[in-house]
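Shown next, in structure tokens, is the structure this report addresses.
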Amino acid sequence: MKIVSTILFMTVGVIVLVLNLYPRPQTLFDIAKEKQDHKTLAQIFLQNNDYLRAKEEFKLAGIDFITEPEIVMAEITKWEKLIIKYPNYRDGYIKLAILYWKISDVEKTKNFLSRALELDPNHPLPELP
């Protein structure tokens, strides 16, 4: 019995030693969190559709969440894919109109608002000049 407990103790000791020598690989999230890289954390949260946490991290990084062009473009890509999948989703067109407005693309803003009105003529959308 003493031999079995000795072997067991040695095996556990080797496992603990190996785990300490070879820590698990860090993910991009772990590295960003450790370095307090708020912009990278925000982008990770944004990719995972966690907008509230993304907004907090962008704020900590000193980036205006609303006007950062690369963020708006990522959102546009996401919503364009969504309306391809669901072409009658009125709110998708409204969201795209808002996003294109943020990057000053008035023509696309008008096009998406027009499509939203085609889908739901009774929706109270603003009149465009």
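For this structure, a couple of remarks:
- Filtered residues of the stretch 80-121 (kept if under 21 Å from Phe58 (Cα atoms) and either modelled with pLDDT under 90 or in the same structural domain as Lys59 (by TED's automatic domain parsing) (or both)): Ile98, Leu99, Tyr100, Trp101, Lys102, Ile103
- Considering the conditions (1) closer than 21 Å to Asp120 by Cα; (2) of a type in the set (Gly, Ala, Ser); (3) within 12 Å of the chain's Cα centre (by Cα), Ala97 is excluded by exactly one of them, (3).
- Evaluation of Thr77 against (1) at pLDDT 70 or above; (2) outside any helix (DSSP H, G or I); (3) closer than 16 Å to Leu99 by Cα (one fails), failing number: (2)
- Of all residue pairs spaced 6 or more apart or on separate chains, those with beta-carbon atoms under 6 Å, a first member in the stretch 38-53 that is not assigned by TED's automatic domain parsing to the domain that holds Met73 and in a helix (DSSP H, G or I) and a second member that is of a type in the set (Gly, Ala, Ser) and buried (at least 17 other Cβ atoms within 10 Å of the Cβ) are His38/Ala61; Lys39/Ala61; Thr40/Ala32; Leu41/Ala32; Ala42/Ala54; Phe45/Ala54; Leu46/Ala54.
- Under the condition of being free of Cβ contacts under 8 Å to residues at least 12 places away in the same chain and surrounded by 15 or more Cβ atoms within 10 Å (Cβ to Cβ), the residues counted in the stretch 66-77 number 1.
- Candidate set: the stretch 82-114, residues that are surrounded by 11 or more Cβ atoms within 10 Å (Cβ to Cβ) and among the basic types (Lys, Arg); chosen: the one farthest from Ala54 (Cα to Cα): Lys110
The values are calculated or read from the model by the stated rules, or taken from the named source; none is laboratory data. Predicted model, so just to flag it, every value in this text is computed and none were measured. Please note: Cβ atoms are built from the backbone with ideal geometry, for glycine as well, and neighbour counts cover all protein chains shown.
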